[in-house]
Amino acid sequence: MKSRPSYYFLFLVLLSCLPQVFSPLKAGPDLPSRIKVIIMADIHFSRQPRWQEKASRLFEKASSILEDKAGVSFEIIRFEIWKEEELTTLEEIAESIARNCEREGRTIVVALVGRPSLRSPLFGYSLFDEGIALVRLQTREEQTVKALLHELAHLFGAVHVAEPASVMDLWNRGEGLDELNLKIIRLFRDRTFESWRYPLSKDKIKEALYFYNEIASSLKALIKKWPTESKQFKPEIPNSIEDVFLCLARLELEERNYEKVWQTCEEALRVNPDSLEALNLMAIARRRQGRVDEAISLYKKILEKKPQEARVLYNLGIALGKKGELKLALEAYEKALELRPRMVEAMGNKAEILIRLGQEEEAEKILKKALSIRPDYALAMANLADIYFRREDYHLAGEMVNKALSCDPELSEAHNMRGKILHHEGKIEEAIKEFSLALELDPAQAKAAHNLGNCFLDLNRLPEARDYFQKALNLSPQMAEAYEGLGICLLLLKDIDGALMNLKRARELGLNTLALHLNLSTAFIMKKMWPEAAEAVKEALALDSNSALAWNNLGICALEQKDYEQAEKCFRRALLIEPENRQALTNLASLLVVLARWPEAAEYYLQLLKIAPEDAVSHNNLAYVYYQLKDYKKAWEHIQQALSLGLKVNPDFIEDVRKKVGK
């Protein structure tokens, strides 16, 4: 699950009339397709005669600068009016649009506000992730155009600078675009406005870091010149000075430089101690570092001040899910979706929690709804594949994974899911490649690490399996399945205490699988903890009364308690379910030896040797049974078989049988 923090760029327009000083960018064949635009207006703006024409003119004047100088082109596709008069700020209007406006593909929303009574000090506002820009209608048209250009530039990564000729100037002194912001806009110009995915490729992130650092350096130099008492906050600056530090922090998140995220957010808080977005990004960094409690504390601090913050609720859901608090995570996602019903990333994560809670049908409905909103939402496809995989519809699961990877070839979750399908098909080496790629694409992908552990467990490469299960737990300390896998691995490595500790932890975290209870019972048996072993077996049988291994283990518990009648019943029940179960055959034969029921014991040892002719211990034990039956010739034959297979047979027993057969 991945968080996508949002930016809230705010500014108050101060007017100036300075010439544009930059030459246009030449168009070329590599420029992206046009960005679709929905223009919205409130009732007040729409009351003007021919308001659509005026809106088009304002937008075209602002957007033409981006097209000429940065190669960003637009196409207006429709006009809409909203009627929510109770909204009092631009921020509330933006949230309402994000909640209600339906759009597809590479589309932005530009909203024009004409209501004079709006209680807001801002002249413009934008939501970076969602691609929404709002401006208030000004007395002079050029003022509105300038405000609109400013907000459109924010949608393509532009930040505030100390450049008198720039429309992004802290004091709004300019009308054009400064060179560094132009370079940034060119990097972002082909963004798709998918809120769940960062809009820059890895190579462009490096360039963006350089440009933002250049701007940050110039602003730091400016701040140093200010009197000490004014460094924290300068009310005479109409635009937020911290936005460049927030952009840097977000890029460092993508680069997984989490301490740098923290440092740049501290820079943002120095110039604006009230920056909630800085706290949000700091929380994401801490969560990805595995410091989940710190992250949750920061999210709650934000929500105390802004309880209606959908994206912070979404991020809180991720943190709670990592901590294993699934019901609380579900509540956080539901609150986020109440505020933003079309927030597909919250739908995807909510569905994942529902899958973990066993509510697959409800999860499927939510994922299909997300895809009806964004048909290219690859993560929803990957999660649907998981549901179909659990239903054992492997063909449909494979089809869904392929669709996901066609939409997003670098989606870690889809590669992880493809690995699970390959693993199921017995193609373990191919599965390992997919899981490894998933982990390379997202080093925080705990599921991929867990699945690699399962692959190496199947290959009996136990040290590698152990390391990957441990890696999964380092990434997700509440991952019950990884504790189970590590427990099984340690059980096979004969570290029974370590196995018990991890298997019990998996149970404490709510895992309730047949394999878990069976392995717990086996570990308890090996530690001779008979009451605990019996209890674990009963838990297994409650899940599957036809488990031969469970009945076998229950028989062992009864045998050790000298309840021979119950032990025999359990072993025979196991063999009714699985007639060739070697453990049950061995244990029943051994019990019959204890009970001196020699003919029956011989019968079961012979069955064992039909299944495993080279079982030296069974040859030895059958020799002893024949000795008791006074069939010394057969006893001698099976002693020889045991010796030829490398077993050290008791010398006194050998000598006694030798005498009986006259050897």
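The values are calculated or read from the model by the stated rules, or taken from the named source; none is laboratory data. What you are looking at is a predicted structure, and each value in this text was computed from that prediction instead of being measured. Cβ coordinates were reconstructed from backbone atoms using ideal geometry, including for glycine residues, and neighbour counts include every protein chain displayed. Areas reflect the complete protein model, heavy atoms only, side chains present, ligands, DNA and RNA absent. Shrake-Rupley method; radii C 1.70, N 1.55, O 1.52, S 1.80 Å.
For the reader, a short list of remarks on this structure follows.
- The range 437-490 - residue that is part of a helix (DSSP H, G or I) and among the polar types (S, T, N, Q) and, of those, farthest from Tyr258 (Cα to Cα): Asn454
- Matching residues in the range 330-362 - criterion: being of a type in the set (Gly, Ala, Ser) and in contact with a Lys or Arg (Cβ under 8 Å, 6 or more places away or on another chain): Ala336, Ala346
- Unique match (being open to solvent by 50 Å² or more (accessible area, probe 1.4 Å) and among the aliphatic types (A, V, I, L, M)) among Ile93, Ile132, Ile97, Ile77: Ile77
- Contacts under 8 angstrom Cβ, first residue in the range 406-433 being closer than 13 Å to Ala385 by Cβ and modelled with pLDDT of 95 or more, partner aromatic (Phe, Trp, Tyr) and crowded, with 16+ Cβ neighbours inside 10 Å, 6 or more apart: His415/Phe435; Asn416/Phe435; Met417/Phe389; Gly419/Phe435; Lys420/Phe389; Ile421/Phe389; His424/Phe389
- Check on Lys225, among the basic types (Lys, Arg), open to solvent by 10 Å² or more (accessible area, probe 1.4 Å) and under 15 Å from Ile241 (Cβ atoms): yes
- Residue check: Val135 meets all listed conditions (1) touching a strand residue (DSSP E or B) at 6+ places or on another chain (Cβ under 6 Å); (2) assigned to a loop (DSSP other than H, G, I, E, B) but one, namely (2).
- Of all residues in the range 633-651, those that are within 15 Å of Val661 (Cβ to Cβ) have Cβ atoms under 8 Å from Cβ atoms of residues that are of a type in the set (D, E, K, R) and in a loop (DSSP other than H, G, I, E, B), 6 or more apart or on another chain, in Trp636/Lys663.
- Selected residue (criterion: most open to solvent (accessible area, probe 1.4 Å)) from residues of the range 472-490 that are under 16 Å from His517 (Cα atoms) and modelled with pLDDT under 95: Glu481
- Residue within the range 143-160 that is touching a Ser or Thr at 6+ places or on another chain (Cβ under 9 Å), of a type in the set (Phe, Trp, Tyr) and either more than 16 Å from Thr107 (Cβ to Cβ) or assigned to a loop (DSSP other than H, G, I, E, B) (or both) present: no
- Residue match in the range 298-318 (condition: among the polar types (S, T, N, Q), in a helix (DSSP H, G or I) and surrounded by fewer than 21 Cβ atoms within 10 Å (Cβ to Cβ)): no
- Residues located in the range 533-550, provided they are part of a helix (DSSP H, G or I), under 18 Å from Arg507 (Cα atoms) and in contact (Cβ under 8 Å) with a residue 12 or more places away in the chain: Ala533, Ala534, Ala536, Val537, Lys538, Glu539, Ala540, Leu541, Leu543, Ala550
- Output for the range 498-535, where each listed residue is buried (at least 16 other Cβ atoms within 10 Å of the Cβ), basic (Lys, Arg) and over 22 Å from Ile353 (Cα atoms): Lys504
- Members of the range 34-67 found to be among the hydroxyl-bearing types (Ser, Thr, Tyr) and either farther than 27 Å from Arg189 by Cβ or not in a helix (DSSP H, G or I) (or both), listed by number: Ser46
- Whichever residue in the range 189-204 is at pLDDT 90 or above and crowded, with 20+ Cβ neighbours inside 10 Å and, among such residues, is farthest from the chain's Cα centre (by Cα): Arg189
- Residue under evaluation Phe469, criteria (1) within 28 Å of Arg418 (Cβ to Cβ); (2) touching a residue at least 24 places away in the same chain (Cβ under 8 Å); (3) open to solvent by less than 50 Å² (accessible area, probe 1.4 Å), criterion not met: (2)
- Test: residue in the range 205-220 that is more than 30 Å from Gln48 (Cβ to Cβ), buried (at least 22 other Cβ atoms within 10 Å of the Cβ) and among the β-branched types (Val, Ile, Thr): yes
- Restricting Ile93, Ile81, Ile97, Ile77 to those that are out of contact with any Asp or Glu (no Cβ under 9 Å at 6 or more places or on another chain), among the β-branched types (Val, Ile, Thr) and in contact (Cβ under 8 Å) with a residue 40 or more places away in the chain reduces the list to Ile77.
- The range 410-429 - residue that is open to solvent by 50 Å² or more (accessible area, probe 1.4 Å) and within 26 Å of Lys202 (Cα to Cα) and, of those, nearest to the chain's Cα centre (by Cα): Glu410
- For Lys183, the criteria (1) assigned to a helix (DSSP H, G or I); (2) out of contact with any helix residue (DSSP H, G or I) (no Cβ under 8 Å at 6 or more places or on another chain); (3) open to solvent by 20 Å² or more (accessible area, probe 1.4 Å); (4) not β-branched (Val, Ile, Thr) hold in every case but one, which is (2).
- Selection status of Phe79, on the phi < 0 side of the Ramachandran plot, part of a strand (DSSP E or B) and of a type outside the set (D, E, K, R): yes
- Figure legend. Inter-residue proximity from the range 199-212: first residues within 13 Å of Val159 (Cα to Cα), second residues among the basic types (Lys, Arg) and part of a helix (DSSP H, G or I), beta-carbon distance below 9 Å, spacing 6+ or different chains. Indicated pairs: Ala208/Lys183; Phe211/Lys183.
- Taking the range 585-663 as the region of interest, the helices (runs of 4 or more DSSP H) fully inside it that hold 1 or more residues being closer than 24 Å to Ala567 by Cα and open to solvent by less than 70 Å² (accessible area, probe 1.4 Å) are 598-611, 616-628.
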